[in-house]
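Data block below; observations after.
Each reported figure results from applying straightforward, stated rules to the coordinates on display, with no laboratory input. This is a predicted model, so every value here is computed, not measured. As a convention, Cβ positions derive from the backbone with ideal geometry for all residues, glycine included, and neighbour counts pool all protein chains shown.
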Amino acid sequence: MKEAEAHLTMSPKLDSEDLDPEVVNRMIILGPRANVSESELTSELHLLGLPLTIKETCYGAMVSGKKEDVKKAIIEIRKLDPYNIFTKDRGFAPGDPRRCRGHRLGPREGFHQLEREYELLDYVGEALKNPRPVEIVKPKPIDVDEFKSIVNESIKKEKK
């Protein structure tokens, strides 16, 4: 096997943490207006002294550990900037070769989805900071006869 191929494996050797159902993995994503950097975020996570695996990323950090410890970390870390620090589940532990960009030699699946979600975080943060009541008006369906009339009129215009 070539050296480059050695990093591309679909069946990595998983350790006990990867197989433990009590262990969860979360992505911590900094919004565009966040008042902390990725390195400050990871430093603060380490200072909590919780038994977590922490990895700094281009969008914030990944944490892996027992559910209670991860939850405590997220509660504490969001205090740094409550309107610009977001989290979401991640199915794989930090550095898992099935998803790690360094092992895959390119962007991982889901990266482009995360990129799109990131674009929306500014709006989410603003809404969290300045909540207001919202009224949703559900549109009424168009009457069948009116729809037929519109279609027939449209067909007449195309024939001209």
Problem set entry | Residues Val137, Val144, Val23, sorted so that the one with the fewest Cβ neighbours within 10 Å comes first | Val137, Val144, Val23
For this session: Arrange the following residues from fewest to most other Cβ atoms within 10 Å of their Cβ: Val134, Val63.
Result: Val134, Val63
Problem set entry | Label-point gap, in nm, between Lys79 and Ser149 - each point 7 angstrom along Cα→Cβ | 6.4 nm
Exercise. Where Lys and Arg each count +1 and Asp and Glu each count -1, what net charge lies around Ser154 among other residues with Cβ under 12 Å from its Cβ?
Worked result: +3
Problem set entry | For the range 114-160, the Rg and Dmax computed from alpha carbons only, in angstrom | 20.8, 55
For this session: Provide the gained length on full extension for the span Ser39 to Lys138, in nm with one decimal, where the gain is 0.36 nm per separating residue minus the Cα-Cα distance.
Result: 31.2 nm
Seminar exercise, completed: Residue by residue through the range 125-137, the couplings from Karplus 6.51 cos²θ - 1.76 cosθ + 1.60 with θ = phi - 60°, in Hz, x for Gly and Pro, are x, 5, 5, 5, 6, 10, x, 8, x, 10, 10, 9, 9
